[in-house]
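Structure first, commentary second.
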Amino acid sequence: MSEPLESLRLAWHVVVRNWLVYRKDFVANISPTLADPALIMFSLGMGLSPFIGQIDGHSYAQFLAPGMIATTALFTAFFESSYGFYVRMTFESVFKAMLTTPIGVREVILGEFLWVFVRAGLMALGVTLVLFLLGLLPNPWAVLICPLIAGFLSLPCAAIGLLATSWVRNINQFQTVYSFLIAPTYFLSGVFFPLQGQPALAVVVQFSPFYHGVRLIQCVVWGQFPVVEMLQHVAALIGFTLVLGFFAFRRIDRKLTV
Amino acid sequence: MSAESVISAQGVAKRYGTFDALVALDLEVRRGECVGLLGPNGAGKSTFIGCLYGVVLRTGGRLEVFGHDPVREARAIKRRIGVVPQENALDEGLTVLENMQIYARFGGLSRAAADGRIVELLGHMALETKRDAPIKTLSGGMKRRLTFVRALLADPELLILDEPTTGLDPSVRHLLWDKVTDLRDRGKTVLVTTHYMHEAEVLCDRIVVLNKGSVVGVGAPRELIEREAPGFVGIFPRHAETALRPHLQSAWELFHQGHQCCVRAPRFDDLLDLQRAAGLVALQLRPTNLEDVYLKLTGRELEDNE
């Protein structure tokens, strides 16, 4: 088998390994991913909709819905590649054992990205189906497209998680990363309120891959297709994935080989 | 490099910042040989092992494993080795079979071939009844045997064992020694690190003693003993030293080991004579062994970093 194909095969087996371990605690693992958006939709969406006027022609629940799909990608990817990867790396020594096999650091990291893509895509599919059943997805084919966008959005988010992993000195420091980077990203990227009235914020969020994912999913869910804007978001996501992925790879490589 | 050479290291060095973990290590391991790496904690044993399959990148020297440089061609090497690392790193939540299936796939075995191979090896390690047991229900000895199974899945030519029997009870230790000996008899090459001198004597054709990143002694166990510390040792309480000193001959060696005072002499009768002359009875009189060699070569006092 050629080397790149062999690399992919090995990276895929890393995904299979993670899936087997994940499956053992399936209910515990998927609970927050599905329960949190459901609670937000119920409390903020259903609860506030009657009090808030239309936003761009959408009720508040309709406005919130696409953000829940993007949020699933952000949280799944970040927590998996920060806490999850860190635990595998330090407490469980999983990579020490893996790296004695034909798997190299490249396959470990490639496998991690693939795993996050698959996991975030599946979780987003779950959330999307729930939104569909609640009648918040007017276009049925969005059920298929949104999880795919979520999968691609999860890649730069996973790179951020891996960068955090390479940077923290103990597991508690992830809380700092969460509080000062992930939480602001979550609350300020157009999921909960439109950014039209916030020109300064609208500029800042351009530097967050999450914002571009949120916008793409909003476009698809709401059935609006500003082609140029969407292409810009796609380009931004690809750019962030490549740049952050490159640095994450370099930093984790130095953690796993000395 | 000769065709029979499995590991060929010349002047291998590893420097972390200003700390030299390996200074200039030379080592040839030939096919079918079992070589033991001895040395205090921090001597560079695990660093050298890491260099062999590319998780530690050496900072100097030449190194080839099966003719491949581990820095550039780690995968070609890793297809032909099996490693028992210091930590088992088994997936605690999975069963024995699931753990081994994952690693069989990593090692390139097909799904169909994997299960047969796993069952066969579990049998060799007396784990056949544990096939479907979760890892967390296994004892320490079982986990270690399973780590051996994992290392052997892809039928490696070179087996690398990093402190394979640390913390195990004697029966498990003997089982593992038997397995390693069987593997070597079937033509496998073995590199083992250990702190147990008896283990090194039982298993190894050749021993390499490391200290502070350098080789300080090489040879077959008997050869090393004959060369570095031949003869017999009498062990006395420390306070006996003043009584012993006047009766020592110049070729003998007196050294301290903890609260004991030891005398090494070429013949057993020398020590009997010494007892009589000093009016003392030794705590123990015995032939020298690998431990005496080890302590002589690596220094008898603990370093600050211990």
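Just so it is clear, none of the values below were taken in a lab; they were calculated from the coordinates. Since this is a predicted model, take the numbers as computed values, not measurements. A quick note on method: Cβ atoms are made from the backbone with ideal geometry, for glycine too, and the neighbour counts reach across all protein chains shown.
A Gaussian network model of chain A, with springs between Cα atoms under 10 Å, assigns the largest mean-square fluctuation among A:Ala159, A:Ala248, A:Ala202 to A:Ala202. Calculated on the alpha-carbon coordinates, the convex hull of the protein assembly as shown measures out at 192 cubic angstrom per residue.
Using the alpha carbon gyration tensor of region B:29-126, what are the three equivalent-ellipsoid semi-axes (square root of 5 times each eigenvalue), largest first, in whole Å? Write out the running numbers ahead of the final one.
Values: eigenvalues 160, 57, 39 Å².
Equivalent ellipsoid of region B:29-126: 28, 17, 14 Å, largest first.
If you take the Cα centroid of region B:58-72 and the Cα centroid of region A:175-206, the two points sit 49 Å apart. Against the empirical curve 2.2 N^0.38 Å, the C-alpha radius of gyration of region B:124-228 lands at a ratio of 1.19.
Want the number for B:Lys136 to B:Thr59: 0.36 nm per residue separation, take away the alpha-carbon distance, what's left?
Once the chain is fully extended between B:Lys136 and B:Thr59, it gains 23.8 nm.
For chain A, the longest principal axis of the alpha carbon atoms and the long axis of helix A:26-40 meet at an angle near 30°.
Taking a Cβ cut-off of under 13 Å around A:Ala77, the surrounding Lys, Arg, Asp and Glu residues balance to a net charge of -1, with basic ones at +1 and acidic ones at -1. Annotation: the residues A:Phe225, A:Phe117, sorted from fewest to most other C-beta atoms within 10 Å of their own C-beta, follow the order A:Phe225, A:Phe117. Extents of chain B, largest first, come to 73, 45, 35 Å (Cα atoms, principal axes, whole angstrom). Over region A:80-154, the fraction of Cα-Cα pairs per 5 Å bin, rounded to whole percents and listed from the shortest bin up, is 3, 15, 19, 18, 12, 10, 9, 7, 5, 2, 0.
Rounded to whole Å, the principal axis extents of the Cα atoms in chain A read 59, 39, 38, largest first. Look at the stretch B:98-108: the mean tally of other chain Cβ atoms within 10 Å of its residues' Cβ atoms is 6.
Which net charge results when you count Lys and Arg as +1 and Asp and Glu as -1 among the other residues whose beta-carbon is under 14 Å from that of B:Arg62? Please report the intermediate quantities before stating the final value.
Details: positive: B:Lys14, B:Arg58, B:Arg72; negative: B:Asp26, B:Glu28, B:Glu64, B:Asp69, B:Glu73.
So the surrounding residues net to -2.
Return A:Trp115, A:Trp141, B:Trp177, A:Trp167 ranked ascending by Cβ neighbour count within 10 Å, so the fewest neighbours appear first. Present the calculation step by step, with values, prior to reporting the outcome.
Values: A:Trp115 26, A:Trp141 10, B:Trp177 16, A:Trp167 13.
The most exposed by this proxy come first: A:Trp141, A:Trp167, B:Trp177, A:Trp115.
Each peptide in B:202-213, A:46-57 was scored by the mean count of other Cβ atoms within 10 Å over its residues; highest first, the order is B:202-213, A:46-57.
For region B:151-211, list log₁₀ I(q)/I(0) at each q in 0.13 Å⁻¹, using the Debye formula over Cα point scatterers of equal strength and ignoring solvent, two decimals each. Computed log10 I(q)/I(0) values: -0.33.
Are any of the pairs B:Lys14/B:Lys212; B:Lys78/B:Lys130; B:Lys45/B:Lys212; B:Lys188/B:Lys296 more than 20 Å apart by Cα-Cα distance, and if so, which? If you can, show how the numbers build up before the last one.
Details: B:Lys14/B:Lys212 12 Å; B:Lys78/B:Lys130 28 Å; B:Lys45/B:Lys212 10 Å; B:Lys188/B:Lys296 31 Å.
Beyond 20 Å: B:Lys78/B:Lys130; B:Lys188/B:Lys296.
The long axis of helix B:140-152 is offset from the longest Cα principal axis of chain B by roughly 60 degrees.
Less than 9 Å Cβ to Cβ from A:Thr165, Lys/Arg counted +1 and Asp/Glu -1: what total charge do the surrounding residues give? Present the calculation step by step, with values, prior to reporting the outcome.
Numbers: positive: A:Arg251, A:Lys255; negative: none.
That works out to +2.
The angle between the Cα long axis of helix A:209-222 and the longest principal axis of the Cα atoms of chain A comes to about 50 degrees, rounded to the nearest 10.
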